[in-house]
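Report on the following structure.
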Amino acid sequence: MSYDTNNIFARILRGEIPCRKAYEDDHVLAFHDIHPQAPTHILVIPKGSYVSAADFGAKASDAEIAAFTRAVSRIAAEAGVEGSGYRLISNHGADSHQEVPHYHVHILGGRPLGRLVTPL
Ligand code: AMP
């Protein structure tokens, strides 16, 4: 899948759409999900143009990957969910219901989150 420069997260990165920012550095932006599924629901995105986790893992530089990984745990700690626990989700492709084709990790916490996936 090629990168769609008009996806909603690309527009947030360009400042065309507002977001409720949680964190930013040279490589990473994080903001609160517009439809939160838990008391803490933050989306972490790389500033580079990557469609999904697979694209990011294959093409991002070591510096981008290190910054992103460190940012995720830092943001979760700053959100106050490190002690109580949290879940990281990254959807890739149709079966996962990925809606936005710019790589992102959801940080979910602040309540018991139940099972990882709905049982069949
Ligand atoms: P996914 O299904 O993993 O692609 O999730 C995309 C997420 O982006 C959903 O949880 C949406 O609620 C969230 N979302 C979509 N548009 C916005 C926006 N403008 N600001 C914040 N979150 C958004």
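To the nearest 0.05, what FRET efficiency results for Tyr23 and Ser84 with a Förster distance of 22 Å applied to their C-beta separation? Calculated value: 0.70.
Of the GluC sites (Glu not before Pro) found in region 14-120, those in coil by DSSP whose Cβ has at most 15 other Cβ atoms within 10 Å are Glu16, Glu82, Glu99. The trypsin sites (Lys or Arg not before Pro) of region 11-120 meeting both criteria, a DSSP state outside H, G, I, E and B (loop) and at most 13 other C-beta atoms within 10 angstrom of the site's C-beta, are Arg14, Arg20, Arg115. Using the Cβ-Cβ distance between Leu120 and Ala54 with R0 set to 30 Å, the FRET efficiency works out to roughly 0.75.
Which residues in region 101-120 place their backbone N less than 17 Å from a point set 7 Å from the Cα of Asp95 along the Cα-to-Cβ direction? Label zone hits: 116-120. In order along region 55-70, the phi-based Karplus estimate (6.51 cos²θ - 1.76 cosθ + 1.60, θ = phi - 60°) of 3J(HN,Hα) comes to 5, 4, x, 7, 10, 5, 6, 4, 5, 5, 5, 5, 4, 5, 4, 5 Hz; Gly and Pro are listed as x. With kT/(6 pi eta Rh) evaluated at 20 °C and eta = 1.002 mPa s, and Rh the Kirkwood radius from Cα pairs, the chain diffuses with a coefficient of 145 µm²/s according to Stokes-Einstein.
Near the amide H of Asp33, within less than 5 Å, lie the amide hydrogens of His41, Ile42, Leu43, all on another chain or at least 5 residues away, with H placed in the peptide plane.
What is the fewest-to-most order of Thr118, Thr69, Thr5, Thr40 by other Cβ atoms lying within 10 Å of their Cβ?
Working: Thr118 6, Thr69 13, Thr5 10, Thr40 21.
Arranged by neighbour count, lowest to highest, Thr118, Thr69, Thr5, Thr40 become Thr118, Thr5, Thr69, Thr40.
Between amide H atoms placed 1.01 Å from N, distances below 5 Å from Tyr50 occur with Tyr103, all of them 5 or more places distant or on a separate chain.
With Cα atoms defining each centre, region 46-120 and region 1-30 are spaced 15 Å apart in the structure. Where only DSSP H runs of four or more residues are counted, the chain gives -7500 deg cm²/dmol as its mean residue ellipticity at 222 nm, each run worth -39500 (n - 2.57).
Read-outs throughout are calculated quantities, based only on the coordinates presented, and are distinct from any laboratory measurement. Owing to the predicted nature of the structure, the values given are computational and were not obtained by experimental measurement. All Cβ positions, even for glycine, are placed from backbone atoms using ideal geometry, and neighbour counts span all protein chains on display.
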